[in-house]
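Structure, as structure tokens:
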Amino acid sequence: MSPNVTFKSTEDREPQAAAPGQALAQAPSLGDVTRTSYTASHGTAPDRMPQAPYGLLDMGPAAALRVIGPDREKWMQGMQTADISAAPYGGGVPGSFLDGKGKLVAEATIFRFPEEILVVTVPERMNALQPHLDRLLIMEDCEIAPAEGLRRLLFCPGEEPLRRFAEVTGVAGPLGLEMLLPESRAAELVAVVPAADPAVVEAYRIAIGLPAWGSELDEESTPVEAGLDREISFEKGCYVGQEVIAMATYRGRVSWNLVRLQVPGNAPAAGARLDPKRAAQGKRGRVTSALQMDGFAVLLGYVHRERMAPGTTLELEDGRMATVLGLPFGSRPGGGVCA
């Protein structure tokens, strides 16, 4: 079957329901999230980790879409890579929206509520995501429209939860709890919760290997190349781009992989060549993000699959040798492509 074919879920999943005598699963909240130490899912961590962020990061007005109607969950299951039915109400899942060739249209957080689904992405991808979804909404009994008046926040937790805000729920991720709140409620939190330093958040993102749009991700990226394993469900049924993702995963047919690296000395600039003798295009074969530490730098970059094993050394364009630490956050080798 051609990878240009559009897929939709063929498996109906009913909204979650509690078993007799049991309560529904609860979404994570500010009242229970605490800091967890980083452990590499593949390979090793850097020699030293940067300071872990703490506080509330205001990510600005949300670039969000609201999906309503009785078919909203079944339709959304077929539009992206994650399993919405696994999310508790008030929470959600990170997911990737793909084209028919398995390339990224947008990365998003999908919030699940009893009467609606809210899809939040970075502002620069709204002009691509909304028309992409509009074209795929054909016969389903649901509607999609921009969601106004919401703000996107990220709380990077410390050792103790914020128990006085236990009613505020969200989606737990590698950097903390992502929340989508009305502007008025968001303003209340911003006024009383200490602010996180964006530079500290960015440094930690690079150190743990969390891909970001514009740095590691663009329209030519695929979730398998970028190590977005945590956003992919292999059990829920079909979705747009699913066959390409399945083939790449189970047959190991991905030529380039995003990896974490470490190099002594100063951090090279983003865009610097990795392994200059190997031909590359776009982000492939280049440094995508760099973090300066004391005496060494942590890098993210795309390398050829033959060079992705932890401990492999690659020459930078300035002649220094960088060492592969492992795959990005939450990613593990698949398809027999890496030990």
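Worth a mention:
- First in segment 303-319 and within 12 Å of V254 (Cα to Cα) and touching a residue at least 40 places away in the same chain (Cβ under 8 Å), second anywhere and of a type in the set (S, T, N, Q) and open to solvent by less than 50 Å² (accessible area, probe 1.4 Å), Cβ under 9 Å, 6 or more apart: V303/N257; V303/T312; H304/N257; R305/N257; M308/N257
- Residues located in segment 266-298, provided they are in contact (Cβ under 8 Å) with a residue 60 or more places away in the chain, within 17 Å of R48 (Cβ to Cβ) and either touching a strand residue (DSSP E or B) at 6+ places or on another chain (Cβ under 6 Å) or not aliphatic (A, V, I, L, M) (or both): A290, L291, D294, F296, V298
- Considering segment 145-196, and only residues there that are charged (D, E, K, R) and surrounded by 12 or more Cβ atoms within 10 Å (Cβ to Cβ), the residue that is nearest to P94 (Cα to Cα) turns out to be E178.
- Residue within segment 315-323 that is open to solvent by less than 30 Å² (accessible area, probe 1.4 Å) and assigned to a strand (DSSP E or B) present: yes
- Any hit, segment 62-83, residues being over 25 Å from S233 (Cα atoms), of a type outside the set (G, A, S) and touching a helix residue (DSSP H, G or I) at 6+ places or on another chain (Cβ under 9 Å): no
- Checking L133, L137, L129, L65 one by one, the residue that is more than 25 Å from L175 (Cα to Cα), open to solvent by less than 20 Å² (accessible area, probe 1.4 Å), out of contact with any Gly (no Cβ under 9 Å at 6 or more places or on another chain) and aliphatic (A, V, I, L, M) is L133 and no other.
- Selection count, segment 181-214, where residues are over 16 Å from the mean Cα position of the chain (by Cα) and more than 13 Å from L300 (Cβ to Cβ): 20
- Residue in segment 168-177 that is out of contact with any strand residue (DSSP E or B) (no Cβ under 7 Å at 6 or more places or on another chain), over 20 Å from P28 (Cα atoms) and aliphatic (A, V, I, L, M) present: no
- Once segment 53-62 is narrowed to residues that are surrounded by fewer than 22 Cβ atoms within 10 Å (Cβ to Cβ) and not aliphatic (A, V, I, L, M), the residue that is farthest from A186 (Cα to Cα) is Y54.
- Of all residues in segment 244-273 being more than 22 Å from G326 (Cβ to Cβ) and within 20 Å of the chain's Cα centre (by Cα), the one that is modelled with the highest pLDDT: V244
- Residues located in segment 157-179, provided they are under 16 Å from the mean Cα position of the chain (by Cα) and among the hydrophobic types (A, V, I, L, M, F, W, C): V171, A172, L175, L177, M179
- Residue list for segment 276-302, restricted to those being crowded, with 21+ Cβ neighbours inside 10 Å and part of a loop (DSSP other than H, G, I, E, B): K283, G285
The values are calculated or read from the model by the stated rules, or taken from the named source; none is laboratory data. Keep in mind it's a predicted model, so treat the numbers as computed, not measured. Methodologically, a virtual Cβ is constructed for each residue, glycine included, from the backbone with ideal geometry; neighbour enumeration extends over all protein chains shown. Ligands, DNA and RNA are stripped out before the accessible areas are found, and what is left, the full protein with its side chains, is counted by its heavy atoms. Shrake-Rupley method; radii C 1.70, N 1.55, O 1.52, S 1.80 Å.
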